[in-house]
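The values are calculated or read from the model by the stated rules, or taken from the named source; none is laboratory data. Remember, predicted model here, so these are calculated numbers, not experimental data. Because the Cβ atoms are built from the backbone with ideal geometry, glycine has one as well, and the counts that use them run over all protein chains shown.
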Amino acid sequence: MRIALLQLNPTVGALDANAARIEAAVRAVGDRADLCVTPEMALTGYPPRDLLLFPGFVAQCREVADRLAAALASGPDVLLGMPVPSGVEAGRPLLNAAVRLRAGRAGEAFAKTLLPTYDVFDEDRYFEPGQTVGAFAAGERRVAVSICEDVWNDPEVWTSRRYGGDPVASLRDLSTSVMVNLSASPYAQGKLAQRERLLAHLARKYGVWALYANQVGANDDLVFDGRSLAFAPDGTCVARAAAFAEDTLIVDTAAGVQVAAPWDEPVEAEVFGALVLGVRDYARKCGFRDALLGLSGGIDSALTAVVAVEALGREHVTGVLMPSPYSSPGSVADAEALAATLGIRTHTLPIASVMSAYDAVLAGPFAGRASDVTEENLQARIRGALLMALSNKTGALLLTTGNKSELATGYCTLYGDMNGALAVIADVYKTLVYRISRWINRAGVVIPEATITKAPSAELRPNQTDQDSLPPYDLLDAILERHVEQCLDGPALEAEGFDPAVVRQVLRLVRISEFKRKQAAPVLKVTPRAFGTGWRMPIARA
């Protein structure tokens, strides 16, 4: 049997455009496959979120699916990911389903059984769970149909399981030699290895071909890496689709088993690819062609600029230099050198006169009070206002440049450097920012060496460095990763050997900065737990 895994990049809510993309992919496959499999919810794009609460949207899904089935009547069968009514009187109104398009009509539906409601997922809000993994006859074969989370609860793979049942266990009773999985699995560091280990195990355990069709592209804060997979019944990975790009993987279960090469890209390359796709799709799907960002001469804005140029092209990126009396000549020179290397246009807007105007206006209310962080924040807010003005005037997408270490500890200014529509590297710890920057320079200098080697500084007062306010970044990031992603509290961190005073300092900063994060731009997710939809901490708490 020949099965085509259609690794597609849908736009959420763009039903007609998504259907056209699916139709084009199926027609490109032609007679080279007996069955085409889309990713999960490919018709709506994943995640459709509260679009699913509108009955008219769900009805339109069915209308578009019917038209798609008619258009593909003479081609191979298609398993189409889409929502369908659940038909229950008590419960959620929809099923997350795979609908079989065959002979010109949309026919039987196979429902997702395990509904993730954690991290960035909220499927229990919309969907009623299916009962078990189903199957259908395709010629002389029977094909079992699972959807994303359904395969992620095997008791032999996970020591701690989120669900009581394992729907894939029904494969023992389905007399099938092929299982397909329609997936929309967001990218995170280390995720591919998890998928491959899981699918290899399931293929061996049940003696089936385990075929995995994953979504690619970015929708809001989520980046989907694709890398659809095919595993033979002995657990051998026989094929892997492209990363961060649309692709079609055709698998012939009657052919001999060929071993796919192991994935060997470094994590720096993976994260860079995810960020580039995230910026490109956010801009494209929101209707932007151009982007702008502040260039400070520091490493965070440098990395963000490189990502933006790779995503949109140098002619569509503008860097804005906004030196203050505290900006060092070296930082200005580094920003100019980066812009010249990247070939982007720049504006230089000195802010000293604006700072003086603020000082004059506030002289009365501030009389008798010493200068402090207030004046530092005013500088950041002046820059934020200038960037927003340029964004408004030109229609360019404003990118924020803060990293995860800063956003975690509140080392950023609300209505200042946090201004913008997309937080590009806000899920990238500072230590990884350095590693990616060095990876970018692996074949030649793109980011100036001084930008990488100098002590990081906001340059909001004389001789300021980040380490005046924060622990060293290697120590800070080690604590943050354990606290944010592994949910280790103070005692647990101290038990791992971290200094109690530093732990108390870091956790206090994380706690008191929650109000800032609630107002931050969407954060491109590249770790197992990013700030944004997957982080739901109260602001007012002990």
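The table below lists the values:
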read-out	value
Qualifying residue in the stretch 23-32 (condition: surrounded by fewer than 17 Cβ atoms within 10 Å (Cβ to Cβ), within 19 Å of ALA138 (Cβ to Cβ), more than 28 Å from the chain's Cα centre (by Cα) and touching a residue at least 60 places away in the same chain (Cβ under 8 Å))	yes
Test: VAL445 is surrounded by fewer than 20 Cβ atoms within 10 Å (Cβ to Cβ) and closer than 17 Å to LEU342 by Cβ	yes
Filter result (of a type in the set (Asp, Glu) and farther than 29 Å from LYS525 by Cα) within the stretch 74-127	ASP77, GLU89, GLU108
Yes/no for VAL271 being among the aliphatic types (A, V, I, L, M), without any contact (Cβ under 8 Å) to a residue 40 or more places away in the chain and assigned to a helix (DSSP H, G or I)	no
Residue among PRO471, PRO500 that alone is of a type outside the set (Ser, Thr, Tyr), modelled with pLDDT of 95 or more, in the same structural domain as ASN419 (by TED's automatic domain parsing) and farther than 30 Å from ALA193 by Cα	PRO500
Condition met for ARG289 (of a type in the set (Lys, Arg), surrounded by fewer than 16 Cβ atoms within 10 Å (Cβ to Cβ) and closer than 30 Å to MET322 by Cβ)	yes
The one condition in (1) in a strand (DSSP E or B); (2) in contact (Cβ under 8 Å) with a residue 24 or more places away in the chain; (3) not charged (D, E, K, R) that ALA239 fails to fulfil	(2)
Residue match in the stretch 17-40 (condition: at pLDDT 95 or above, among the hydroxyl-bearing types (Ser, Thr, Tyr) and touching a Cys at 6+ places or on another chain (Cβ under 7 Å))	no
Matching entry among ALA389, ALA396 (being in the same structural domain as ALA455 (by TED's automatic domain parsing), surrounded by fewer than 18 Cβ atoms within 10 Å (Cβ to Cβ) and not charged (D, E, K, R))	ALA389
Unique match (being assigned to a helix (DSSP H, G or I) and either in contact with a Ser or Thr (Cβ under 9 Å, 6 or more places away or on another chain) or outside the structural domain of LEU277 (by TED's automatic domain parsing) (or both)) among GLY13, GLY56	GLY56
Filtered residue count, the stretch 465-480, keeping only those that are surrounded by fewer than 19 Cβ atoms within 10 Å (Cβ to Cβ), within 16 Å of THR431 (Cα to Cα) and acidic (Asp, Glu)	1
Identity of the residue in the stretch 53-70, closer than 29 Å to VAL29 by Cβ and under 28 Å from the mean Cα position of the chain (by Cα), that ends up surrounded by the most Cβ atoms within 10 Å (Cβ to Cβ)	CYS61
Strands (runs of 3 or more DSSP E) contained entirely in the stretch 71-150, each with at least 1 residues that are modelled with pLDDT of 95 or more and buried (at least 23 other Cβ atoms within 10 Å of the Cβ)	77-85, 94-102, 105-111, 141-147
Filter pass, ASP334 being in contact with a Ser or Thr (Cβ under 9 Å, 6 or more places away or on another chain) and either surrounded by 19 or more Cβ atoms within 10 Å (Cβ to Cβ) or in a helix (DSSP H, G or I) (or both)	yes
Positions within the stretch 274-315 being over 21 Å from THR431 (Cα atoms) and without any contact (Cβ under 8 Å) to a residue 40 or more places away in the chain, in sequence order	ARG284, GLY287, ARG289, VAL309, GLU310, ALA311, LEU312, GLY313, ARG314, GLU315
Residue match in the stretch 91-104 (condition: over 25 Å from the mean Cα position of the chain (by Cα), farther than 16 Å from ALA17 by Cα and without any contact (Cβ under 8 Å) to a residue 24 or more places away in the chain)	no
Residue among LEU362, LEU342, LEU349 that is aliphatic (A, V, I, L, M) and in contact (Cβ under 8 Å) with a residue 40 or more places away in the chain	LEU342
Test: ASP264 is more than 21 Å from ALA111 (Cα to Cα), crowded, with 22+ Cβ neighbours inside 10 Å and of a type in the set (D, E, K, R)	no
Within the stretch 361-373, considering residues that are surrounded by 11 or more Cβ atoms within 10 Å (Cβ to Cβ) and at pLDDT 95 or above, the one farthest from ALA291 (Cα to Cα)	PHE366
Residue in the stretch 429-446 that is under 24 Å from ARG383 (Cα atoms) and modelled with pLDDT under 95 present	no
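To keep it simple, each residue is scored yes or no on (1) out of contact with any helix residue (DSSP H, G or I) (no Cβ under 7 Å at 6 or more places or on another chain); (2) touching a residue at least 60 places away in the same chain (Cβ under 8 Å); (3) in a loop (DSSP other than H, G, I, E, B).
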residue: SER160; (1), (2), (3): yes, no, yes
residue: TYR163; (1), (2), (3): yes, no, yes
residue: LEU192; (1), (2), (3): yes, yes, no
residue: ARG195; (1), (2), (3): yes, no, no
residue: ARG204; (1), (2), (3): yes, no, no
residue: LEU211; (1), (2), (3): yes, yes, no
residue: LEU249; (1), (2), (3): yes, yes, no
